[in-house]
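Scroll down for the structure; my scribbles are underneath it.
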Amino acid sequence: MKFIVYLKRLYRLIADPKPVSFKLRGENVVIEPNCKFGLPENIEIGSNVKIGEGTSIFAQGGCVIKNGTILADKVDIRTANHHYDGADLGMLPFDEKIEAKKVVIEENVWIASNVIILPGVTIGEGAVVAAGAVVTKDVPPLAVVGGNPAK
């Protein structure tokens, strides 16, 4: 039994080698190697969450990942974008402003590999986002979405 406990601790050290100071980090959070976190102090992670290898979360606008959620490999979460609507003609295609909006991923969501989630999106409880999807709008609870844009 002690050997199993030792293996679990060793796995956590390998999978999450660099401690990151999140705003909130629940229990039993597994972060695979090669993940990137921009402004981790704006990221809240619930309990029993898995974040797959190579995932990137850039949290200028804040990011909440609730309990029981699984992010597969290479998920890209963006919470800020350039301001391009009505940009000054001298600054096309966008100006110097940044628009930051929180991303919220509700409980028990599964996000497959290579998904991109854009600023301001909420993904409802129990939803599934298919591999390669680009999520530009809110996803209802229990929905299954995929494609570009995700539908």
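The values are calculated or read from the model by the stated rules, or taken from the named source; none is laboratory data. Computed from a prediction, not measured in an experiment: that's the story for all the values here. Ideal geometry is used to build each Cβ from the backbone, glycine not excepted, and the neighbour counts take in all protein chains shown. These accessible areas exclude ligands, DNA and RNA; they are computed on the full protein's heavy atoms, side chains included. Shrake-Rupley method; radii C 1.70, N 1.55, O 1.52, S 1.80 Å.
Brief remarks follow.
- Listed conditions (1) at pLDDT 95 or above; (2) crowded, with 16+ Cβ neighbours inside 10 Å; (3) out of contact with any helix residue (DSSP H, G or I) (no Cβ under 9 Å at 6 or more places or on another chain) are all met by PRO141, apart from (2).
- Within the range 95-133, the set of residues being open to solvent by 70 Å² or more (accessible area, probe 1.4 Å) and not in a loop (DSSP other than H, G, I, E, B) comprises ILE98, GLU99, TRP110.
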